[in-house]
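K.L.:
The structure follows.
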Amino acid sequence: MSILRSVWFCVVLVLTFTSYLSAQSEYEYSYMPKKVYENQLFPVTVVGVDSSDENPTLVFDSSSPTQPLFEIPLQVKNGNDTFYTYYFKAGKSDVRIPILFISSDTHELSLDKHYISLATLKPQKDFSGVLAADMKIKNYQVSNFDESSHMVTLSIEAYEANIEDMSLKNINEYGIEDIKRDNAKVIAEFYAVLPRDQKELTFTYFNTIKQRYIPISVSVEVANASVTTQSDLNPKVDAFKRLKRYTLITFAIFFLLMFIWKRDFLYLVLGVISIITLLTFYIPHKKICVKQGAPLYIIPTTISTIGTRIEKELDTMLLAEHGEYKKVEYKKGIIGWIKNEDLCDD
């Protein structure tokens, strides 16, 4: 009996071990970089191979200082396989990806920790500090900041980018705001204050896919004063408004001439409507009063840099509104945003 019991115990042990190995084989790392650069954002992907688990729980060892940017991974299904992608950010030394615990109704297993070497990147003089799989300027605005400076605001879209580390050399005032990250994709607003005699803003980022520096350049010119009154960052807005004005002027003249020629009151009505619509473009801006000492923000966000402060109570035109902020011109060429709470009491 003792021999039979020993044999049975061995069989159970082998089956248990085999089951464990089978469970282990159902999850594995499908992508793990061999090297990364300082401050680089990089993906790590786990694949569930032909897994029947519908809602497994994946958790990295919480005792490790290295953790993904998002607790919930990006999930992509491909046939019977499911890919779970996490995003990490490298520091100043080799990266240690901690143990990953995976649990479900049928499995309890873990994937071993991994070490990723930190490579050295030789920066260029105009390197912005950004490493990304891709980076683009979606639109930008150039506006008057003060008597001697322009402010350039860039609307940036990038992927796998450490956009929060963006910095420009030889520029005293700049900042990054409104960072919104959705797994690999990140959008943000970057501003820089430049001397008026600087005609171009140029910098580079390091493309982690192409493994080379990519230059980005924007022209630093205020086309006309109306650019500074727009709340939209798209510089095409002014051109579109001018086109509408010219179109309405053309229609008004055409309809009035047709009325004189045809004596048809329908043309007169259409002409009057065109003139009334045209006049709405020239209605004066509403005036508002700003308290003495109120901060004038560069961009209408809670973390925006304060450009200056209102020296004394100010009556000025309301140029635009954005949430709890109002856009005003403080002095000639100095435009910024005031909080509603800094308006004069009625």
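K.L.:
Could you look through segment 64-107, keep only residues that are surrounded by fewer than 11 Cβ atoms within 10 Å (Cβ to Cβ) and farther than 17 Å from GLU160 by Cα, and pick out the one that is farthest from the chain's Cα centre (by Cα)?
P.N.:
Of everything passing the filter in segment 64-107, ASP105 is farthest from the chain's Cα centre (by Cα).
K.L.:
Condition first: β-branched (Val, Ile, Thr) and surrounded by fewer than 19 Cβ atoms within 10 Å (Cβ to Cβ). Now tell me which residues in segment 205-219 satisfy that.
P.N.:
Within segment 205-219, ILE209, ILE214, ILE216, VAL218 meet the criteria.
K.L.:
Which number in (1) part of a strand (DSSP E or B); (2) within 22 Å of TYR213 (Cα to Cα) marks the one condition that THR82 misses?
P.N.:
Among (1) part of a strand (DSSP E or B); (2) within 22 Å of TYR213 (Cα to Cα), the lone unmet condition for THR82 is (2).
K.L.:
Still on this model: If the requirement is being surrounded by 15 or more Cβ atoms within 10 Å (Cβ to Cβ) and either over 27 Å from LEU69 (Cβ atoms) or charged (D, E, K, R) (or both), which of these qualifies: GLU147, GLU177?
P.N.:
Among GLU147, GLU177, only GLU177 is surrounded by 15 or more Cβ atoms within 10 Å (Cβ to Cβ) and either over 27 Å from LEU69 (Cβ atoms) or charged (D, E, K, R) (or both).
So that you can scan it fast, the table gives a plain yes or no per residue for (1) over 25 Å from TYR174 (Cβ atoms); (2) touching a His at 6+ places or on another chain (Cβ under 6 Å); (3) at pLDDT 85 or above:
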{"position": "PRO284", "(1), (2), (3)": "yes, no, no"}
{"position": "ILE288", "(1), (2), (3)": "yes, no, yes"}
{"position": "ILE299", "(1), (2), (3)": "no, no, no"}
{"position": "THR305", "(1), (2), (3)": "no, no, no"}
{"position": "ILE310", "(1), (2), (3)": "no, no, yes"}
{"position": "ASP315", "(1), (2), (3)": "yes, no, yes"}
{"position": "GLU324", "(1), (2), (3)": "no, no, yes"}
{"position": "LYS332", "(1), (2), (3)": "no, no, no"}
{"position": "ASP345", "(1), (2), (3)": "yes, no, no"}
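The values are calculated or read from the model by the stated rules, or taken from the named source; none is laboratory data. Worth saying up front: this structure is predicted, and the values here are computed from it rather than measured. Here Cβ is always computed from backbone atoms with ideal geometry, including for glycine, and neighbour counts include all displayed protein chains.
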